[in-house]
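Structure first, then comments.
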Amino acid sequence: MKNIYLIDGNALIYRMFFAMPDFTTKDWKHVSAIYWVAKFFLQDLVRDNPDYVVFVRDARWENFRHKIYSEYKATRDRMPDNLRSQVEEINEMVSLFHMDVVEIPMVEADDVIATLANTYWKDKNNQVFILSWDKDLYSLVTENVKIYDTIKKDVFDIKKTSDKFGIVPERIIDYLAIVWDSSDNIPWIDWIWPKKAVPLINNLWTVEEIYNFIDSWKISDDDEIKKILSWKTLEKIKEAREIAFLSKKLATIKNDVDLWKFNLEDYKFNKDTLIDDEVIELFKKYEFNSLLWKEHIKKQKVWNDLWLKVKLIWDTEWLELLKKDINKCTEIVLDTETTSLDIIKAELVGVSIFLDKEHIYYINVEHNWPKVNKNELREFFKFILNSNLKIIGHNIKYDLEIIELFLRVDNNWELAKSNSFWQMSLLD
């Protein structure tokens, strides 16, 4: 089967900006969104290796929804300045990856994505993945159209979408028409919240059918609807007839946009052409050296190049010597090396400790060479935390959470992740 990735560019950029750590270059230019989008392409997409990738962006101009409802999206916060300054650079970078940005004037990205999904899902040889988190796009889910959450690495098919919303995908637009959507500022029916909306939709199906039923329904009838429609709810729905139909019109995604001679073959994904000389120069400009693949790095610096004396620690004897050195200090710099930024998914693979330029240590936990005993490492962590030391680090809260997780369980990392202590606030 051919895997087609339809990327909601705006959603991806916002998600990477707000969900990931922010940082700047040495000249104080904000580049975190550029970095995380680049990392997504070079790691996630290279790993998945889809056949086609289409990067879709919202057009800057107002669309038909603004014409029928002037307050559409009016409550959205202005894009932060330190993100706004990165958007054009992201577009430039995507182009350097040999992928055109699809942006149709006066058309939202959701409508473009819906049109593409509607065009290609009918061919049973295609598997369409929509990379977005917008609720309305879940309405497009079919047997071979799925929503792909790249942060959580979760794919929503028909069953998982139904479990998430409590209704089948094709009724999600009707659901959104009667439940307030703060992100788009679509008007809603007062008094109708999700727990009321779900049984209403599941029993009466669409907005149109809800009002057809209400117009002909006799309250004296003995049926299951009485459990859903109290007098208060019934009155609120009757009062909001115009709002409900307006909201459905606003929430409905167009799937027949003119895509201006769009040709899917122009969007073939080739992981081998992602990095070229222009991309290398761009990464150097933004100091993204960690994203350059080994074959593209002219000279990779190691500890010896930096004139640093690093002691690798993998046994009890070295841990004891390190304790003696730490006892002479009033502060240390500590950093945990893990497999993920997600505290739940992260695995501890090593610990870096800096005392001064003559005393730098790396404790091996999971690398493929001799490693410390984990119980002894727990005792070492307790020694540090119980001493009168100032601990310095970058994103130190994350490091301390990793250490706390490591200390809370006896030789069972997986048990710690499922333990109920995650319901408590760590390090409060």
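Coordinate-derived values only; no laboratory data. Treat the numbers as computed from the prediction; the structure is a model and nothing was measured. Quick reminder, even Gly has a Cβ in these numbers, built from the backbone with ideal geometry, and neighbours come from all protein chains shown.
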Formal net charge of residues neighbouring L12 (Cβ-Cβ distance under 13 Å; K, R +1; D, E -1): -2
Entries in K160/K248; K153/K374; K153/K345 that, when Cα-Cα distance is taken, lie over 18 Å: K160/K248; K153/K374
Packing-based exposure ordering (other Cβ within 10 Å, fewest first) of I151, I173: I151, I173
Amide proton proximity set for D58, modelled H, under 5 Å, gap of 5+: N10, A109
Amide H partners (placed H, <5 Å) of L131, local residues excluded: L6, I7, D8, Y148
Residues of type lysines that K29 reaches as a straight line, Cα spacing below 28 Å, ignoring anything fewer than 8 places off in the same chain: K39, K284, K285, K294, K298, K299, K301, K397
Cross-link table K122/K146; K124/K152; K324/K382, entries beyond 18 Å C-alpha to C-alpha: K124/K152
For region 308-408: relative contact order, % (alpha-carbon pairs under 8 angstrom, 6 or more apart): 33 percent
